[in-house]
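The structure appears below as structure tokens.
Every read-out reported here was derived from the displayed coordinates using simple, explicitly stated rules and does not represent laboratory data. Worth saying up front: this structure is predicted, and the values here are computed from it rather than measured. Using ideal geometry, Cβ is built from the backbone for each residue, glycine included, and neighbour counts are taken over all protein chains shown.
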Amino acid sequence: MKLTKTLSLLLIFLCLIGCQDDDGEVPEVIISGIAEVTAATAQVSANITFSGSSPVNEYGICWSTTNPPTVSDNSTVNQNTWLGEFTESIAPLTGATEYFVRAYAVNEEGIAYSQTQSLKTQGAQPTIINPSVLKNCPPLATIRARVLSNKISTDVYFEYGTTTAYEFGRIGEVSDIGESEAIEVPLEGLIPNTTYHFRVVAENSAGTTVSEDISFVSQYVLGQEHIGGIVAYVDETGLHGFVSRTTYENGSYDITFITSWGPNEVTGATGLEIGDGKPNSEKAMEINGTTLSHMYFISRYGHSVNPDWYMPSIEELKIVQQNIYENGFGAFPGINYWSSSEVHKDSVLCLNFAKDSVFVGPKNKHDHVSLGISYY
């Protein structure tokens, strides 16, 4: 009987101790909002609504890509007494990624977590726009593309070669590009009349984007700018031809300048074919000298990289009309043009660009105009 009474008193004592332990309470905390989410950061607001049975001595936000996050993952830490609302910036985050977020608060009794909320950071894998060949002048070329980072730190490189295995590897590597960046990469040592391939690769934390394969033949291209003019003709080698232009380098000379073709006498400038523009012009200039004429002005075109300009023969003029004017390259009006191909002492072969019509015109006809060509 005495033993039973002793055991009963012991049980009552243990229950009283257990009840006293249950009186200790952890805090209560909630997430009240998530705002200003970018590719790398977010603002999380929370509210400690109850401190528990002792003051809060630590609080913050924790986050992870797995649910639920805890303070052993990523977290902000504030080690001071607090009750009420607070806002924390969480970083660094990875773009285009889902995160789980909880607020927490700690007192002497333990740690309490809020409900879990999720957020998705901004961003996407890169976008590659218009990979192309900007300049093609053997043995050189320039390849380019515009790349959008889509709000995430993005690295870009090009691969090239003579096959789609891109055996020459990476070139033009650029790290952490801007939001929209045009990237140009020079190529050197290209073999003329050889087909080359390239592609663009852009990488960020959201993924990797690879452009389509772009191929080109290493040779001059009609309409591109070169040695101060526009490529009007490329021969079968892909390496030689001529360019054309309509003004001085500083733009001060208008092709419609009112003056004559050149010397109004026999000059011997009778060549008709490709390549004859130079000897025709040289023969005419031997007689013309410094007399103001279209022949004189063309010979004085000048350019910082190319001083040699000539009036085209009739066949060269036809090529300019077909390859430049008809394709809309440059500002070549559809009017009457003199060639350097002389017919008589006072007449030369002319070409109307709009009508694609060859005719014999007088050297002193002031409504005729001229253009210059230069060989490369």
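What to note about this one:
- R0 of 41 Å, Cβ-Cβ distance Leu272-Thr164: FRET efficiency to nearest 0.05: 0.35
- Between the helical axis of 277-288 and the longest alpha-carbon principal axis of the chain there is an angle of about 50 degrees.
- Only helical runs count toward this figure. For the chain, summing -39,500 (n - 2.57) over DSSP H runs of n ≥ 4 and dividing by all residues gives -4000 deg cm²/dmol at 222 nm.
- Simple Cβ-charge dipole of the chain, Lys/Arg +1 and Asp/Glu -1, about Cα centre, in debye nearest 20: 620
- The chain: angle of helix 2-22 to the longest principal axis, Cα-based, in degrees nearest 10: 30
- Using a cut-off of 23 Å between Cα atoms, the listed pairs Lys135/Lys318; Lys283/Lys355; Lys135/Lys278; Lys135/Lys355; Lys318/Lys365 include Lys135/Lys318; Lys283/Lys355; Lys135/Lys278; Lys135/Lys355 as exceeding that distance.
- Taking each residue as 0.36 nm, the span from Ala91 to Thr38 lengthens on full extension beyond its C-alpha to C-alpha distance by 18.1 nm.
- Simple label model, 7 Å out from Cα along Cβ direction - Glu188 to Ile335, nm: 4.5
- Theoretical FRET efficiency, 1/(1+(r/R0)^6), r = Cβ-Cβ of Ile129 and Ser72, R0 41 Å, to 0.05: 0.40
- Dipole-positive endmost among Val71, Ser299, Thr208 within the chain (Cβ charges, Cα centre): Ser299
- Rounded to the nearest 20, the size of the Cβ-charge dipole of the stretch 127-217 about its Cα centre is 220 debye, with Lys and Arg at +1 and Asp and Glu at -1.
- Option label - P(r) over Cα pairs in 10 Å bins from 0, in percent computed here, alternatives [x] 5, 21, 25, 20, 15, 9, 5, 1, 0; [y] 5, 22, 33, 27, 11, 2, 0; [z] 5, 17, 15, 12, 11, 9, 8, 7, 6, 4, 2, 2, 1, 1, 0, 0: [z]
- Centroid-to-centroid separation of the stretch 31-55 and the stretch 72-142 [C-alpha atoms, Å]: 15
- Most tightly packed first, judged by the mean number of other beta-carbon atoms within 10 Å of their residues, the peptides 121-128, 351-358, 177-184 read 121-128, 351-358, 177-184.
- R0 of 30 Å, Cβ-Cβ distance Ser45-Ser175: FRET efficiency to nearest 0.05: 0.30
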